[in-house]
Structure formats: structure tokens, C-alpha cells
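The values are calculated or read from the model by the stated rules, or taken from the named source; none is laboratory data. These figures come from a predicted structure and were not determined experimentally. Here Cβ is always computed from backbone atoms with ideal geometry, including for glycine, and neighbour counts include all displayed protein chains. Areas reflect the complete protein model, heavy atoms only, side chains present, ligands, DNA and RNA absent. Shrake-Rupley method; radii C 1.70, N 1.55, O 1.52, S 1.80 Å.
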Amino acid sequence: MPPLPRRARLWFAAVATAAVAVCTLLLGSPAPANADAARQPEAASSLPACPFWASGITPPARTTTPWVAPLQTAPAVNFSTRQAAPTITGTLENGQVTVTVSPVPNAVAYKVWRDGVDIGYISYWGQTGPLTVTDTSPCQGASYDVVAMYDTSNSDASLGQLSVPYWLGADGTLAPGAGNVAVGTQIPMMVTSYDNTGQTAAGYNAQLGVCATDPRVIPWGTYFTVPGYGTCYAADLGTWIQNDTVDIWLPGDQANNWGVQDRTVTVIADPYTSGTSPTASASPTASAPASASPSPTVSVSASPSASASASPTSGGTCAVVWSASTSYTPGAVVSYNGENYTATFDSTGAVPGAPTSWAVWTAKGPCG
């Protein structure tokens, strides 16, 4: 098995492929109420395609390796107990995107990213003018995220919730929405693993369920499931994590035991803020986004996929008993603890009825 890459953690993510705008705001008069309405945003069609955040790095060729199942299923990490994320607006003008952050109580600073690239830090000291940063290198279809900071330590504990992704639309304005990764989008991925400790690029501590993605493909702030692993939250980067690659976090030797696998990941809604997810409702059969790599899309499962069962889905006879080692496809019917369930998404190891499996299995009633 090839060695796992050593991955640079980029809490301040200074990169050569994007201009970093560090903003210390001065006192200014409040913007007129109709300032945004008066702007005439530019169309984004003339912008270049979004580059990878670390240019000039080509990952080595990697093939799938033997796989040992992790000892636990990754839950959906819960940041909902933290302070709510700020909202942002933005407009493309003169080849730049001016991002305005809506302040939240008690925050002392804000940090803004475009596709995981740090484009600005705002120190808040009571000024009344708009809180803005400028992205001098915008690109087509980029996603933007913001987080509020409650002290200047830059520690995990200082951070509130990471915002949903805001997309730069064709009309040159920023807005939250599904973009090209709506709920149900399935993307064939090479899935690698790491066990580094410390802070991720977004600032949260590395932990089970926090994963590294190429934000051009799966934006930060997105939840998605990985067969055989559990639920991921995109909040990290890696120099080898490009295009159709995801890096999952596992402790110690479990990371080595994962190796390199082919899996089809599925985007799911934010399980903790239903109705405000950046990936609004969409068909579970949505195709992979155009930005995904055109490499072969063979999906490797730990065992043959289960087909839909003919057993009843409510009451009556129980369907075949769920197995942790079986890879299930949408429509498969199983029973678990005296209840039938129907698969909504592809999964391996997602326990029916578990709090972290609500998006994977739909309960169909007791059986006997």
C-alpha cells in the first residue's frame, strides 16, 4: 500500500494561486439602504475556471488497496451548538467580488474563503461601516464560506458555525443554494484517509466525520456519506485531494487499514439545520457535477450490492436482516430490530434507525 500523504493544514491557507486580501476595516458611514439594489453586477461568464488551491502539485498515481473496515461508523459531526454563522452577500464588479458580511453578536472577527482559499480576515472593533472583503481573483461557479470568531486565538473553540456555501452565480451575485451538488448528488471518488491531529484548514479540530475535499467539487459546509465510513463534513484540504478525491479522518492504524478505495459518495442535507442546508432538496439520482474528474467511475464495495427485497415494507413479515458488511443500493429493503427499512441512498455499515442514518434508511413500520 502506498504511503499516506503528509498533508499541510492551512488554517490561514496562504496560497500562490489566489490573491489574499487581509482587511482591517476603518470607520465609515453606513451604506445607503439601496446600495445593493443600485449595483449592476457583471456576468460571471468571462471569469476563468476555478483553479486548484495549490497549483503545480500532481498527486502520484494510486490504485485501490486491500480494505479493513473501520471499527466505528463516523457520525454526522454536530456544530449546531455553536454560534450561528453569519450571512454574506456579494457582487461581481470590475472583475472583483466584494463580499459583505452581516455581523453577528459578540464576534470579534470574521474569516472568508473562496473554494477553501482564505480571501480575507475582518477584525471587528465596533465600526459602523459595512464589513467587507474583496476577492481579487474570482472564478466561475466558486463557492464562498464565512465563519465568525469569538476571540483572537484562532483555536477551534473560538469559532462559530461555518456558513453554508454561497455560490457565485452566472449573474455575478452570491447566494446560498444547491449549486451543482444538490442533495442526492452521487459522485464516484477515490477515498483516501489520514490521521493527522490538530486543526483543519477551516479551523476545526481534526476528528471523526471531518473530511478533506476539493471545494470545487464538494464545497466546505457540505455533508455527504461515504460507504464503509459513515458521514463526512467537508472542512479540510489536502495537496493530494484534487478533483475526484476525498480524504476521510480515521484514528491511528485505522487510517492505514482504509488504504485507497473507490466509493460513490452521496451528498445529504445538513441533519442539524433542516431547511437551511446549502444543498436544497433534489432528486436522489442527480448526476455528478461537471467539475468532477472524468476518470473512471468504478465503485468498489466491500461486498456485492443488495438488490431491493420483495419482502413487505410495513407490518407483516420482516425483510432480510440488515448486515453491516453488505453494500445496499437505493430501494433495498431490510429489517432491523423488528422493523422494516427501505434504503434511500447507497450505504455500507449505516445502521437502520440510528440517528446518523436518518438520510440513508426510511422506516416502513414494525414487522414480525
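Does at least one position in region 109-120 carry a residue that is open to solvent by 20 Å² or more (accessible area, probe 1.4 Å) and in contact with a strand residue (DSSP E or B) (Cβ under 9 Å, 6 or more places away or on another chain)? Looking through region 109-120, none of the residues is open to solvent by 20 Å² or more (accessible area, probe 1.4 Å) and in contact with a strand residue (DSSP E or B) (Cβ under 9 Å, 6 or more places away or on another chain). Based on this model, can you work out whether ALA148 counts as surrounded by fewer than 18 Cβ atoms within 10 Å (Cβ to Cβ), touching a Gly at 6+ places or on another chain (Cβ under 9 Å) and either hydrophobic (A, V, I, L, M, F, W, C) or not in a loop (DSSP other than H, G, I, E, B) (or both)? Answer is no for this residue. Scanning region 62-89 for residues that are under 18 Å from the mean Cα position of the chain (by Cα), modelled with pLDDT of 95 or more and surrounded by fewer than 17 Cβ atoms within 10 Å (Cβ to Cβ) turns up PRO75, ASN78, THR87. The single condition among (1) of a type in the set (Val, Ile, Thr); (2) touching a strand residue (DSSP E or B) at 6+ places or on another chain (Cβ under 8 Å); (3) farther than 25 Å from SER55 by Cβ that THR128 does not meet is (2).
Pairs only if they're at least six apart or on different chains, beta carbon under 8 angstrom, first in region 235-260 and on the phi > 0 side of the Ramachandran plot, second among the aromatic types (Phe, Trp, Tyr) and open to solvent by 30 Å² or more (accessible area, probe 1.4 Å); list them, first residue then second. As it stands, the answer is GLY259/TRP67, since those pairs meet every condition given.
Matching residues to (1) within 19 Å of GLY203 (Cβ to Cβ); (2) assigned to a loop (DSSP other than H, G, I, E, B):
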{"site": "LEU71", "(1), (2)": "no, yes"}
{"site": "VAL77", "(1), (2)": "yes, yes"}
{"site": "ALA85", "(1), (2)": "yes, yes"}
{"site": "VAL104", "(1), (2)": "yes, yes"}
{"site": "VAL112", "(1), (2)": "yes, no"}
{"site": "ASP118", "(1), (2)": "yes, no"}
{"site": "TRP125", "(1), (2)": "no, yes"}
{"site": "SER137", "(1), (2)": "no, yes"}
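What number of residues within region 90-108 satisfy the criterion of being more than 21 Å from THR152 (Cβ to Cβ), in contact with an Asp or Glu (Cβ under 7 Å, 6 or more places away or on another chain) and open to solvent by 40 Å² or more (accessible area, probe 1.4 Å)? Selection size over region 90-108: 2. For region 182-218, residues that are open to solvent by less than 10 Å² (accessible area, probe 1.4 Å), assigned to a loop (DSSP other than H, G, I, E, B) and in contact with an Asp or Glu (Cβ under 9 Å, 6 or more places away or on another chain) total 9.
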